[in-house]
Amino acid sequence: MRFSDQFEQRFSEMLKHYPTQRSVLVPTLLYAQDEIGYLSDEVISEIAGRLELTELDVRNVISYYSMLTTKPRGKFNVQVCTNIACMLCGGEEIFQHCRQRLGVGHKGTTHDGLFSLEEVECIGACSWAPAAQVNYDFHENLTTEKMDRVLDEYRRSPTG
Ligand code: FES
């Protein structure tokens, strides 16, 4: 399979800097996922081959990290934290609000393929609870009104 030139550049650069080939697995998976949208069987097989790992090794790593997925998901992956600090500050309410607003449940994707929703454990933003992460962006001190504005902005964004 063929990745972009940018992917290939990053991949060869990483191989020079990490102590073992296996060490580049997670960043390689993230770059591949950013490019393809998810980690398909073909991607897994390609990366396993390049890093001299078995496909099972690669799948085991994918299953450990919640940010890696083997299933297609929306362009914007909305991860709402409902772990303790966020739960105490209304994280559950934010998650339920997103469910209603997007019309999908945990790990669901909207019909237009724009949003996926996930309820997640701590994302390391406890001091600004309740918090959510959309792709690589953090959104903190959320209220239902603020969450609506966040979703609207993504919906209107040029990449949306
Ligand atoms: S508990 Fe939600 S960010 Fe830590």
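Of the chymotrypsin sites (Phe, Trp or Tyr not before Pro) in the stretch 22-64, not one is in a loop by DSSP (not H, G, I, E or B) with at most 10 other beta carbons within 10 Å. Per-residue ellipticity at 222 nm from helix content only, as computed over the chain with -39500 (n - 2.57) for each DSSP H run of at least four residues, stands at -14000 deg cm²/dmol.
Restrict the search to the stretch 86-160; then list the chymotrypsin sites (Phe, Trp or Tyr not before Pro) that DSSP places in a loop and that have at most 13 other Cβ atoms within 10 Å of their Cβ.
Answer by residue number: Tyr136.
Here the Karplus relation 6.51 cos²θ - 1.76 cosθ + 1.60, evaluated at θ = phi - 60°, turns the backbone of the stretch 11-26 into coupling constants of 4, 5, 5, 4, 4, 6, 9, 8, x, 9, 4, 4, 5, 8, 4, 5 Hz, with x for every Gly and Pro.
Dipole check for the stretch 4-160: with +1 at the C-beta of Lys and Arg, -1 at the C-beta of Asp and Glu, and the Cα centre as origin, the magnitude is about 160 Debye. Note on Lys107: lysines with a C-alpha under 19 Å away, same-chain residues under 8 apart excluded, are Lys71, Lys75.
Using the number of other C-beta atoms within 10 angstrom as an exposure proxy, rank His111, His106 with the fewest first.
Going from least to most buried by this count: His111, His106.
Listed by Cβ neighbour count within 10 Å, with the fewest neighbours leading, Ile62, Ile94 appear as Ile62, Ile94.
A run of the chain free of exposed loop cleavage sites, with GluC sites (Glu not before Pro) counted only in DSSP states other than H, G, I, E and B and at most 14 other beta carbons within 10 Å, reaches its longest extent at 53-120.
Cysteine residues of the chain whose Cβ has no partner cysteine Cβ closer than 4.7 Å: Cys89, Cys98, Cys122, Cys126.
Values quoted throughout were computed directly from the atomic coordinates according to the rules given, and no laboratory measurement underlies them. Note that this is a predicted model, so its numbers are computed, not measured. Positions of Cβ are generated from backbone atoms using ideal geometry, with glycine treated the same way; all protein chains shown enter the neighbour counts.
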